[in-house]
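Working notes, beginning with the structure itself.
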Amino acid sequence: MPNEYLFSKDEEHPDNTIWEVEEVGVIGKLLFSFDRKKIYNLWKDYPHNFTPEEKAIFDKEYPYWAEFFKDRPYSPNNN
């Protein structure tokens, strides 16, 4: 059975580009998407699996997490 995902916008920031993603039946993952096609896991993917554009959007829309992970190396050449 394939995974089922629910997409929503941050209620406090409905104009954000990023979609928050809930995997039905799963608790504890912090998932999100830029396009509702590719789903990222905050803990595994930030920032090394982001394009420079995605990282810029994410850092602007979620400054808390950008600060939290500021010591993680980022090289756009890894994408």
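I'd like the residue in segment 52-79 that is closer than 14 Å to residue 18 by Cα and touching a residue at least 24 places away in the same chain (Cβ under 8 Å) and, out of all such residues, is surrounded by the most Cβ atoms within 10 Å (Cβ to Cβ).
58
I'd like the residue in segment 11-51 that is farther than 20 Å from residue 76 by Cα and touching a residue at least 24 places away in the same chain (Cβ under 8 Å) and, out of all such residues, is surrounded by the most Cβ atoms within 10 Å (Cβ to Cβ). So that I can check it myself, show each step before the final result.
Taking segment 11-51 and keeping what is farther than 20 Å from residue 76 by Cα, we get 11-17, 19-31, 36-37.
So of that shortlist, the ones also touching a residue at least 24 places away in the same chain (Cβ under 8 Å) come out as 13, 16-17, 31, 36.
Values: 13: 11, 16: 16, 17: 14, 31: 18, 36: 10.
Applying the filter and picking the extreme gives 31.
Out of segment 18-37, which residues are within 25 Å of residue 71 (Cβ to Cβ) and part of a loop (DSSP other than H, G, I, E, B)?
18, 28, 29, 30, 34, listed by residue number.
How many residues does segment 27-51 contain that are of a type in the set (Asp, Glu) and farther than 17 Å from residue 17 by Cβ? Give the steps one after another, and end with the answer.
Just the residues of segment 27-51 that are of a type in the set (Asp, Glu), to begin with: 35, 45.
The next check asks that each one be farther than 17 Å from residue 17 by Cβ; those that pass are none.
Of the residues in segment 27-51, 0 are of a type in the set (Asp, Glu) and farther than 17 Å from residue 17 by Cβ.
Please verify whether residue 65 is out of contact with any Asp or Glu (no Cβ under 9 Å at 6 or more places or on another chain) and either assigned to a helix (DSSP H, G or I) or aliphatic (A, V, I, L, M) (or both), treating the condition exactly as stated.
no
Quick note: the coordinates plus some simple rules give every number you see, no bench work behind them. These numbers come from a predicted model, not from an experiment. Positions of Cβ are backbone-derived with ideal geometry, glycine not excepted, and every protein chain shown enters the neighbour counts.
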